[in-house]
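A short write-up of the structure that comes next.
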Amino acid sequence: MDQINGSVVTEFVLLGLAQSMGMQLFLFFFFSLFYMGIILGNLLIVCTVIFDPHLHSPMYILLANLSLIDLGLSSTTVPRVISDLFRDYKVISFHNCMIQMFFIHVMGGVEMVLLIAMAYDRYTAICKPLYYLTIMNPKMCTFLVLAAWVIGVIHAVSQFVFVINLPFCGPNNVGSFYCDFPRVIKLACMDTYQLEFVVIANSGFISMATFFFLIISYICILVTVRQHSSTDLSKAFFTLSAHITVVVLFFAPCMFLYVWPFPTKSLDTFFAIVDFVITPVLNPAIYTFRNKDMRLAMRKLGRQVVSSREMI
Ligand SMILES: *[C@@H]1O[C@H](CO)[C@@H](O)[C@H](O)[C@H]1NC(C)=O
C-alpha cells in the first residue's frame, strides 16, 4: 500500500462538519433521519413497482431504477459522514478514498443517464403518443438502463485511471467531508493542471450539457402539452414539474461542484449535502405523495402485506 507508484500517502484526512457537541448531535440526528428516509422511501418505491403489475410501464420501471441509484449514491458518503461525526481525527484510507470517488461517479453517471431516459420516455408519451408503445417497449427500457450503467462506469473509469496513478507524497488534507476527484487531484505532487481540466470537462461540462439538454426537452414537452390536450393537462404538468424539480436539484450542485472555478468550503459542503442527502430523499417524496397511481399501488401493497400476515 505504501508504494503505489512512489506514493507515500496511505490515508487522507477529511474535513469535520461540526466542531461543537451540540452541532455534532444535531447533524447526527439530521443525517440519520434523512438516511433512514432515503432507505425506506426508495425501497418502498422499488417494492411497489416490482409487486404491482399496473406499474410495469417504462416510466415506473425507470423510476424504480432511479430510486436504487439514489440509494446507492447516498450510501457512498452518508454512512461514513455519520460515523465520522464524533471522531476527532477523521481519516480515510487511500483505498477507501479511491473506492468512494469511483462509486460516486458510477452512481452519479448512471443517475444522469437515467434522468435523460426518463425525459425521453415522457417526450415519447406526450409528443408521440401513437408510437409510444412501439418505441418504449420493454427491450428499449432494458437497453436504456443498461446504457446508463455502461456510461456511468465509463464516466467513472475515465477519470479514475488518471487519479489512481498520481504520486501522492505528503499533503493529505482533502478539505472536504468526502473524497472526490477535484479535491484529491490537488494533493498530488505534480503539476495537475491538465488533469484538473479532464475532470472539469468530464464531470462538469457533461453535467452542464445534460442539464441544459434536459431543461430544453422538458420545455418542448410542456409546449406540446399546452397546444394539445386539455383534460390531461394538469396531470402532465404535474408529472413534468416533479421531473424538472429533481433535475434542477440534482444538477445545480453538480455544476457548482465541478465547474465553478472558485471553490468555497461552506458552499461546497452545502451543495454536496443537497446531492447526497436532499435529492435522494426528495425523489420518493415527490413521486409517492403526489402521484395517485403510486399512492394507490402502495396502499394495495400494504393491504397485501397485512392480509398475508393474517393468514399466517
Ligand atoms: C430496472 O430496469 C430493468 C430494465 O428495464 C428492469 O428489468 C428492472 O426491474 C428495473 N429495476 C427495478 C428495481 O425496477
Go through (1) farther than 22 Å from Val274 by Cα; (2) buried (at least 16 other Cβ atoms within 10 Å of the Cβ); (3) aromatic (Phe, Trp, Tyr); (4) under 22 Å from the mean Cα position of the chain (by Cα) and name the single condition Phe143 misses.
-> (2)
Check Leu43, Leu27 and return the single one that is more than 16 Å from the ligand (Cβ to nearest atom), of a type outside the set (S, T, N, Q), more than 19 Å from Leu115 (Cβ to Cβ) and free of Cβ contacts under 8 Å to residues at least 60 places away in the same chain.
-> Leu27
When Asp70 is evaluated against the numbered criteria (1) charged (D, E, K, R); (2) within 16 Å of the ligand (Cβ to nearest atom); (3) over 20 Å from Ser207 (Cα atoms), which criterion, by number, is the only one it fails?
-> (3)
In the list Asn96, Asn65, which residue meets the criterion of being polar (S, T, N, Q), part of a helix (DSSP H, G or I) and either surrounded by fewer than 18 Cβ atoms within 10 Å (Cβ to Cβ) or free of Cβ contacts under 8 Å to residues at least 24 places away in the same chain (or both)?
-> Asn96
Condition test on Ala236, is it under 19 Å from the mean Cα position of the chain (by Cα) and part of a helix (DSSP H, G or I)?
-> no
Take the residues in the range 73-92 that are in a helix (DSSP H, G or I) and away from the ligand (no atom under 16 Å from the Cβ), then tell me which one is farthest from Ala297 (Cα to Cα).
-> Asp84
Given the structure, is Phe271 in contact with a Pro (Cβ under 7 Å, 6 or more places away or on another chain), surrounded by 14 or more Cβ atoms within 10 Å (Cβ to Cβ) and over 17 Å from Leu63 (Cβ atoms)?
-> yes
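Values in this text are rule-based calculations from the coordinates and carry no lab data. Computed from a prediction, not measured in an experiment: that's the story for all the values here. Here Cβ is always computed from backbone atoms with ideal geometry, including for glycine, and neighbour counts include all displayed protein chains.
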